[in-house]
Every structure is written in C-alpha cells, then in structure tokens.
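Student: Have a look at the structure that comes next, please.
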Amino acid sequence: MSQSPPLFESVIKQYSPLLFRVASTYEANTSIQQELFQEICVSIWLALKTYKGEASVKTFILKVAHNRCVTHIGKEVGRFKSHEAADAASLADQSLFSEKLSLENEIERSQKVQQLLNAIRRLKLPARQVISLSLEGLRYEDISEICGISVSNVGVTIKRVKEQLRNEIDHE
Amino acid sequence: MNKKLKNDSLENIWQQQATHEIDLDDIAKLASSLQRKQRFYIALDILSLSPFALLFLFDIQLSFAMKLFFTCLFVSGLVTVFYFIKLRWLAAFGDMANTSNFALSLLRQYQNNARIAKINKHLGWLSVVICIGAATIFQIVDDVEFTPAIKKLGIISFIMLVVATPWCLWAHKRQMHFQTKAEYLKNNLE
C-alpha cells in the first residue's frame, strides 16, 4: 500500500466535521452522504500529495471537497431523490442523541438544521458553495479564491442568500 | 418557537449539524488502490498503441492504401489516448482548480463525451452502409455469378448488423446519459 501523505491524518482529524458538512450540503440521503464523505476524503488523500502550501490547508481541502461534490451531482441523474424520507430519518437520528437539552428544544433545533439544509440544497451551485463556505466562517478572500469569483461578488451573494435563507426558515 | 432558537444565527444552526467519524485506514487503502488503478489504466492506454510500433520495428511491406489506412488509425488512436489520459488526469488532480472552473470543465467534459458517443453511433450504422456498398461494388466489378454474390452479401450484411446494432444502441445510450448529465449540471449552475 502506498504511504499516506504526511498531512492527511492531522487534516482529517481536524477537519472531518467540516468535510461532512460539505457532503451534507449536496446530499440529503444519509447513507449516500457517508459514501460522498468517504469519496471526499479519498480525493483529499490524493490531492495532498501535490499540496505545496500555496494556500492554507483549509482552503485547499475545501476546494477539493466542493469539486468532488460537483462531480457527485452528475450521479444524481436518474436517481430518486427521497429528500423527505431522508430528512425524516435524519431528523429522528438527530433528535435522539442529546440528553443535555430538553426534548422540545432539541427537536426544534433539529428541525431548524434540517430546514436550513433543505433551503441550501435548493440553491444553485455557485450560491450554495459560497453560502456554505461563509457559514463555515471563511473570509471573503478565501471564498473568492475557492470559487474563482471576485470578492465583491462573494459579498453580494452572501448578503442576498442569507436574506433568502432567513425568509425561508421563518416561513416554514 | 423558543425565543433563543429564534435568535439563532444561520452560522449557529449550521454548526449544530450532526457529523460522523471516518476510518483513516479505510481511506488510505481505498486511495492507494484508486491510484494503482489509475496508473494501470494509463499504462494500458499507452500500450494500446504498441501494435503500430511493429510497423516501424519490422519492415513490413504494405501497399500505399494500407500505409495510409494505418497512419490514419495511428493518428486517431494517438488523439484518443491523449484524450483519455487528460480525462484520467482531470479525475485524479482536477479537484484543485477553483470551483467555477472545475464545474465548467466538467460540463464541457460531459458535452464532449455526449458528442463522441453521437459520432460513434453514426459511425456504427455508416460503416454497415459503407461495407455493404463496397461489397456490392466489388461483386459487380468482378462480374461474379448472381446467386453466390447475393449469398455473400447476405452473410456480410448479417455479420455487420450483428456487430453494429449493439454498438449503435450502446453509443445512443451513452449519448443520452451524458446529455442528461450535462443538462442537469447546467441547470444547477445557472
């Protein structure tokens, strides 16, 4: 077996929640989400072999992850998208795991997460990428580098999409 | 709705998603095997041109028409191999482009694949027509007896149809597959 790139283990340990969230931005079905997450990690393993430190590791892996997900979109063709069923299952999963908060709070929270994810998945690809990167706390400059659009365009997109998402969540 | 939840920022809600762990050893195994496969396929692509080397290594006497035919075959083979290597390279390292460029190059790739499949589909039925036409002309020029000539033509047509029909169907299915993919991606981008 060929050796893993030196950064791989630390990168995955540090950023796996972030990478999983990238996968969930594109895929609602939980089992396919896992597969996509695995595909993202494999792509990062391969890509890190050529990483020379021109950009921060976080920017680099996010670029790779989003591009892998764009390829995944092509696979959606012809597949029945059982968003509702997947969402319900995911909601049930999420509402069971926490005992710290009250059940009511936890369900409300899970519903909000699900509403946000559904609204984001309905966005066109460029807007979806920009907003998910912004929600991860990336700077406009980094988002601009990852998405290949101007910084001002990033700002305009974030403002417009956030407003749209808030409206959708409040009305659901 | 709970007041605190109502005031949650989108960022807060986003960070509350449940996430999963992954087995690093599994990923390393999968990635190594993928890398080995990619290298193997590239080697196969290049090796597919090796029969042409025989023409240069051994002084095989060929007519001008045959030389022209093999040269055309070699050039088209070379172009195809370069295209396949480019696709494999994109699949392995294209992820590092910015997301806009990557999506556009993926879209172009789907459209090119659909175009190639369309060409293949038409080449399939066209080759049947050309072969049957050429065989008919040879029969007429050679002035052979009518009944054996018809029998020969029948056999040739049958063989050509058996080979070309699945080829055309496969190419058509591939063309539709890539056209749908391209359309779907385009709709997601615009």
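The values are calculated or read from the model by the stated rules, or taken from the named source; none is laboratory data. Quick caveat, the model's predicted, so the values are computed rather than measured. When we count neighbours, we look across all protein chains shown, and the Cβ atoms used for this are built from the backbone with ideal geometry, even at glycine. Surface areas here come from the heavy atoms of the whole protein model, side chains and all, with no ligands, DNA or RNA. Shrake-Rupley method; radii C 1.70, N 1.55, O 1.52, S 1.80 Å.
Student: Residues in the stretch B:80-115 that are over 18 Å from B:Ile46 (Cα atoms) and either within 11 Å of chain A (Cβ to nearest Cβ) or not hydrophobic (A, V, I, L, M, F, W, C) (or both): how many?
Tutor: Keep residues of the stretch B:80-115 that are over 18 Å from B:Ile46 (Cα atoms), which gives B:93-115.
Add one more test, that the residue is either within 11 Å of chain A (Cβ to nearest Cβ) or not hydrophobic (A, V, I, L, M, F, W, C) (or both), and what stays is B:93-113, B:115.
Summing the residues that are over 18 Å from B:Ile46 (Cα atoms) and either within 11 Å of chain A (Cβ to nearest Cβ) or not hydrophobic (A, V, I, L, M, F, W, C) (or both) in the stretch B:80-115 gives 22.
Student: Listed residues B:Leu78, B:Leu161; which is open to solvent by 40 Å² or more (accessible area, probe 1.4 Å) and under 19 Å from the mean Cα position of the chain (by Cα)?
Tutor: B:Leu78 is the lone residue from the list that is open to solvent by 40 Å² or more (accessible area, probe 1.4 Å) and under 19 Å from the mean Cα position of the chain (by Cα).
Student: Any residue in the stretch B:122-135 that is outside any helix (DSSP H, G or I) and without any contact (Cβ under 8 Å) to a residue 24 or more places away in the chain?
Tutor: no
Student: Here's another thing I want to ask about it. Can you work out which of the residues in the stretch B:31-66 that are within 14 Å of chain A (Cβ to nearest Cβ) and among the charged types (D, E, K, R) is nearest to B:Tyr83 (Cα to Cα)?
Tutor: Among residues in the stretch B:31-66 that are within 14 Å of chain A (Cβ to nearest Cβ) and among the charged types (D, E, K, R), the one nearest to B:Tyr83 (Cα to Cα) is B:Arg39.
Student: Limited to the stretch A:135-172, what total is found for residues that are more than 8 Å from chain B (Cβ to nearest Cβ) and within 25 Å of A:His72 (Cα to Cα)?
Tutor: Selection size over the stretch A:135-172: 8.
Student: Name the one entry in B:Glu190, B:Glu183 that is more than 22 Å from the chain's Cα centre (by Cα) and acidic (Asp, Glu).
Tutor: The conditions single out B:Glu190.
Student: Which one of these is closer than 22 Å to A:Leu46 by Cβ and open to solvent by 70 Å² or more (accessible area, probe 1.4 Å): B:Leu47, B:Leu73, B:Leu87, B:Leu104?
Tutor: Sole residue among the options that is closer than 22 Å to A:Leu46 by Cβ and open to solvent by 70 Å² or more (accessible area, probe 1.4 Å): B:Leu104.
Student: Take A:Lys100 and tell me if it is basic (Lys, Arg), under 30 Å from B:Ser9 (Cβ atoms) and modelled with pLDDT under 90.
Tutor: Here the answer is yes, as A:Lys100 does meet what is asked.
Student: Considering only the stretch B:147-154, I want to know if a residue exists there that is touching a residue at least 12 places away in the same chain (Cβ under 8 Å) and on the phi < 0 side of the Ramachandran plot.
Tutor: Yes, that holds for at least one residue.
Student: Restricting the search to the stretch B:115-158, which residues are basic (Lys, Arg) and open to solvent by 100 Å² or more (accessible area, probe 1.4 Å)?
Tutor: B:Arg115, B:Lys151, B:Lys152
Student: Residues being in contact (Cβ under 8 Å) with a residue 60 or more places away in the chain and either open to solvent by less than 10 Å² (accessible area, probe 1.4 Å) or at the interface with another protein chain (Cβ under 7 Å from one of its Cβ atoms) (or both): count how many of those fall in the stretch A:19-48. Explain how you work it out, then say what you get.
Tutor: Our first condition is that a residue be in contact (Cβ under 8 Å) with a residue 60 or more places away in the chain; within the stretch A:19-48, this holds for A:21-22, A:24-26, A:28, A:30.
Filter once more, so that each one left must be either open to solvent by less than 10 Å² (accessible area, probe 1.4 Å) or at the interface with another protein chain (Cβ under 7 Å from one of its Cβ atoms) (or both): A:21-22, A:24-26, A:28.
Number satisfying all stated conditions: 6.
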